[in-house]
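First up is the structure itself, then whatever we jot down about it.
No lab work stands behind these numbers, since they all come straight from the coordinates. Computed from a predicted structure; not experimentally measured. Every residue, glycine as well, gets a Cβ built from its backbone with ideal geometry; the counts of neighbours run over all protein chains shown.
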Amino acid sequence: MDAPADSLMPLVDAARKGRAEAFDRIFDEVMPELRAYVRLNTGQRIRQRESMSDLVQSVCREVFEDLPGFRGEGERQFKKWLFTVALNKIQQKGRFHGARRRTPSLEVRPVAPASCSTTFGNDQVLNAYKSICTPSRHAAAGEEVQRIEKVFDQLSDDHRRVITLSCFLRLSHAEIAAEMGRTESATRMLLARARAELALRLAKHEMGG
């Protein structure tokens, strides 16, 4: 059963007042979505150079520090703010690695891939990915997580963004249109095409294409 709308807000209000246990409960609720969002939006280059667990923890620390200043109302606004914090952190990492022009062999030891991680929760991440696609029932969770991420990386920037805005931030078509500077009808068509492209690429990849 889905949680009631805005069920997080009493916890958010308590966390803003400094109650650490409320903050912990918030992240118990949102962690699968946050992990999935971070993984999908980092791209392969950053995933090769950064531990996803460390990146998520960094987002959590920033949210904890900035939460007293959050002035939004409702769970949707909170999640939009949360994912914006995460995206800003990801973009910061992207600028760092881009500016340094490093390679994995010179930068850090490669981190374990998702399929080797027992702490990152492949099953939870895969469950969160169900909001954007239908995972294969025949692959191990870690393998399927990597397959979905590889295919998602191949989509255009607009297709990745519209899927993220719709499936993770759960914005309405009107809100997505405002975010992307398009008409509502154009964003409806863009989202339909993006989801169709994702499904097609996943099907081809599963068949070895």
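Could you sort out which of 130/204; 80/204; 93/130; 17/93; 79/204 sit more than 25 Å apart by Cα distance in this structure?
Values: 130/204 18 Å; 80/204 32 Å; 93/130 27 Å; 17/93 30 Å; 79/204 33 Å.
Pairs exceeding the cut-off: 80/204; 93/130; 17/93; 79/204.
So what is the relative contact order of the chain, in percent, for Cα pairs below 8 Å that sit 6 or more residues apart?
The normalised contact order for the chain reaches 21 percent.
Considering only 196, 178, 132, whose Cα is most displaced toward the positive end of the charge dipole of segment 132-209, charges sitting on Cβ of Lys, Arg (+1) and Asp, Glu (-1)?
196
Which residue fluctuates most in the GNM of the chain (Cα springs below 10 Å): 71, 147, 16?
Greatest mean-square fluctuation among the candidates belongs to 71.
Is it possible to state the helix-based mean residue ellipticity at 222 nm for the chain, with each DSSP H run of 4+ residues giving -39500 (n - 2.57), the sum divided by total residues, to the nearest 500 deg cm²/dmol? What is it?
Estimated from H runs of four or more residues: -23000 deg cm²/dmol.
Give me the log10 of I(q) over I(0) for segment 1-74 at q = 0.18, 0.27 Å⁻¹, as the Debye formula computes it from C-alpha points; what are the numbers?
Normalising to I(0) and taking log10 leaves -0.79, -1.27.
Taking the Cα centre of segment 12-89 as the origin, how large is its charge dipole in debye, to the nearest 20, when only Lys and Arg (+1) and Asp and Glu (-1) carry charge on their Cβ atoms?
320
Using the basic label-point model (7 angstrom from Cα toward the beta carbon), what is the residue 185 to residue 53 distance in nanometres?
5.1
Report the net charge of residues surrounding residue 189, where surrounding means a beta-carbon distance below 13 angstrom and charges are Lys +1, Arg +1, Asp -1, Glu -1. Before the final figure, lay out the partial values.
Working: positive: 182, 188, 193, 195; negative: 158, 184, 197.
Cβ neighbours under 13 Å give a net charge of +1.
Roughly how many nanometres apart are two label points built 7 Å out from the Cα toward the Cβ at residue 17 and residue 153?
Output for this residue pair reads 4.6 nm.
With a point put 7 Å past each Cα toward its Cβ, work out how far residue 95 is from residue 206 in nm, to one decimal.
So the two model labels end up 4.0 nm from each other.
How many times 2.2 N^0.38 Å is the alpha carbon radius of gyration of segment 131-209?
Output field value: 1.16.
For the chain, with equal point scatterers placed on the C-alpha atoms only and solvent neglected, what are the log10 I(q)/I(0) values from the Debye formula at q = 0.12, 0.15 1/Å, to two decimals?
For the requested q values the scattering log ratios are -0.68, -1.06.
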